[in-house]
Amino acid sequence: MPPAALVDPATIDTSKVLFDLEEIRRGNPQRFEMEQLTAIVRLDPAERLIIGYKDLTEREFWVKGHMPDYPLMPGVIICEAAAQLSSFFTYHIKLVENTFMGFGGLEDVRFRGMVKPGDRLILVSKAVRVHRRQTIFETQGFVETNMVYHGRIIGVPLANKPEIATS
């Protein structure tokens, strides 16, 4: 049985973008095929909550090979998208300086539905631990109002924030 939704997905308004891709790039170093966020639509430091989404197209790097004639977003990429959303939260609240929170681990991850080209994967992340040495976020993913993913993301600081390319 899936956990209770962190936020009722029917109430998430994706039409009001707070941070677009260019603004996400200021905080997240991933580029090109590894950029897994399209926009952030809610960020509430008091609630320790961030909501964003990834619009999937036929041009995703994994479409050709996962799986031919039946493309599904790989679970590891869904986890990466949730980690990028969580990392952006730590950037926004200025948790660490001269570094960024990288992927430190996963716990209790489950996939409950398919995500495919044409879908909008809505991601919700809520911090349960925020510390400069480690963060823990409860994360969930939805396609429309269906929970397709949930899991805990652990973040750790990575030494020396890389120079971030602008495109």
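Coordinate-derived values only; no laboratory data. Quick caveat, the model's predicted, so the values are computed rather than measured. Cβ sites come from the backbone with ideal geometry, for glycine too, and all protein chains shown count toward neighbours.
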>> Rounded to whole Å, give me the distance from the Cα center of the range 61-77 to that of the range 123-161.
In response: 23
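With charges set only on the Cβ (+1 for Lys and Arg, -1 for Asp and Glu), what does the dipole of the chain come to about its Cα centre, in debye to the nearest 20? Don't skip to the answer; put the middle values down first.
Details: 20 positive and 21 negative charges, 96 e Å.
Dipole of the chain, to the nearest 20 debye: 460 debye.
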> Counting alpha carbon pairs within less than 8 Å and at least 6 residues apart, what relative contact order, in whole percent, applies to the chain?
Replying inline: 25
>> Can you work out the Karplus-derived ³J(HN,Hα) for every residue in the range 58-73? Use 6.51 cos²θ - 1.76 cosθ + 1.60 with θ = phi - 60°, whole Hz, and x for glycine or proline.
In response: 5, 8, 4, 4, 8, 4, 4, x, 10, 10, x, 6, 8, x, 10, 4
> Considering only Cα-Cα distances, which of the following residue pairs are longer than 26 Å: Lys64/Lys126; Lys16/Lys116; Lys16/Lys126?
Replying inline: Lys64/Lys126
> Anyone know which of Gly75, Gly65, Gly102 comes out most mobile in the 10 Å Cα GNM of the chain?
Replying inline: Gly65
> On average over all directions, what projected area in square nanometres does the range 35-167 have, based on the convex hull of its Cα atoms?
Replying inline: 8.3
> Can you tell which of Leu85, Leu123, Leu106 shows the greatest fluctuation in a Gaussian network model of the chain with Cα springs below 10 Å?
Replying inline: Leu106
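How large is the helix-only mean residue ellipticity at 222 nm for the chain, computed as the sum of -39500 (n - 2.57) over DSSP H runs with n ≥ 4, divided by its residue count, in deg cm²/dmol to the nearest 500?
Taking each H run of at least 4 residues, the total per residue is -4500 deg cm²/dmol.
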